[in-house]
Amino acid sequence: MRKYGPAVLLLLVGAAVLRISLFSDLYLRYVQAGLRPYLILSGVMLGSLGLLRGALTVRAARTGAPGTEGHGHPAEDGPDHGHSHAGGPRIAWLLALPAVALLCFPPPALGSYSAAREEARRAEEYVGTFPALPAGDPVELSLAEFGSRAAYDSRYSLRDRTVRLTGFVSTGDGGTWYVTRLQVACCAADATAVKAEVRGAGAPEADAWVTVTGTWHPRGRLGPAAAWPPVLDATTVRAITEPSDPYEER
């Protein structure tokens, strides 16, 4: 059966890619939505190559082509042609384990552990003006926009406004907790954390997804690191299910 190994590996990887990209939204845990067509195309190509490789292997076995049972030796020489190659190909089946794991047990989206390890690496920003917020409260903002307006908006557009933020829970020292989101430019490998400290409400379980409604709590001057992370005085904290697209675009 080891001669079918390459075909099976191609089929497994192709099936895993199609499972997360064509038949579910799991691909959003790894890459942005715009890359979905490329993932589907990759899965189809890998599956097609696996089928083609398997068909060629079956055809070669049926026609008795030389070399189908060894490395350049005719099949009729049998297993006693002087040495054996059985060990290597059997070990190669371990390569199927990552594909099987992805097919059966896709890993979760990045969470509070990744956010805690994320250093505060941000491009240099300057204090300036921002577009006016839409009328009506509460106004729903991304974590990135809330943080930018809190730290750099010279017009203080968040003042006296009720905002709504959605993300997962991450924790800090002394009982501090944050509503957090991870931003991606391309895929999960380049994720960076954005967060807002929540005050006035008890901390839910880490990694739980919540929607927090409240008002901006100014602190420090605009621009310097003292204004980061921004603070939200919570009026309500509501538990929600994890969204199908857990990341914010950067």
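The values are calculated or read from the model by the stated rules, or taken from the named source; none is laboratory data. The structure presented is a predicted model; accordingly, all values stated were derived computationally and were not measured. Cβ sites come from the backbone with ideal geometry, for glycine too, and all protein chains shown count toward neighbours. Protein only, heavy atoms only, side chains kept; ligands, DNA and RNA dropped before computing areas. Shrake-Rupley method; radii C 1.70, N 1.55, O 1.52, S 1.80 Å.
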- Query: Looking at Val194, Val163, Val212, which is the one that is modelled with pLDDT under 95, open to solvent by less than 20 Å² (accessible area, probe 1.4 Å) and part of a strand (DSSP E or B)?
  - Reply: Val194
- Taking segment 230-250 and the residues there that are modelled with pLDDT under 85 and in a loop (DSSP other than H, G, I, E, B), the one that is most open to solvent (accessible area, probe 1.4 Å) would be Arg250
- Message: Yes or no: segment 195-204 includes at least one residue that is closer than 17 Å to Leu141 by Cβ and of a type outside the set (D, E, K, R).
- Response: yes
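How many residues are within 38 Å of the chain's Cα centre (by Cα) and either open to solvent by 50 Å² or more (accessible area, probe 1.4 Å) or modelled with pLDDT under 75 (or both) if we restrict to segment 47-74? Outline the logic, then answer.
So in segment 47-74, the residues within 38 Å of the chain's Cα centre (by Cα) come out as 47-57.
Subsequent filtering for residues that are either open to solvent by 50 Å² or more (accessible area, probe 1.4 Å) or modelled with pLDDT under 75 (or both) retains 48-49, 51-53, 55-56.
Qualifying residue count, segment 47-74: 7.
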- Query: Just a yes or no: is a residue in segment 127-139 of a type in the set (Gly, Ala, Ser) and surrounded by 16 or more Cβ atoms within 10 Å (Cβ to Cβ)?
  - Reply: no
- Query: Quick one: is Ala189 of a type in the set (Gly, Ala, Ser), over 29 Å from Thr129 (Cβ atoms) and in a loop (DSSP other than H, G, I, E, B)?
  - Reply: no
- Query: So Leu182 clears everything in (1) modelled with pLDDT of 90 or more; (2) of a type outside the set (Phe, Trp, Tyr); (3) surrounded by 15 or more Cβ atoms within 10 Å (Cβ to Cβ) except one condition, right? Which one?
  - Reply: (1)
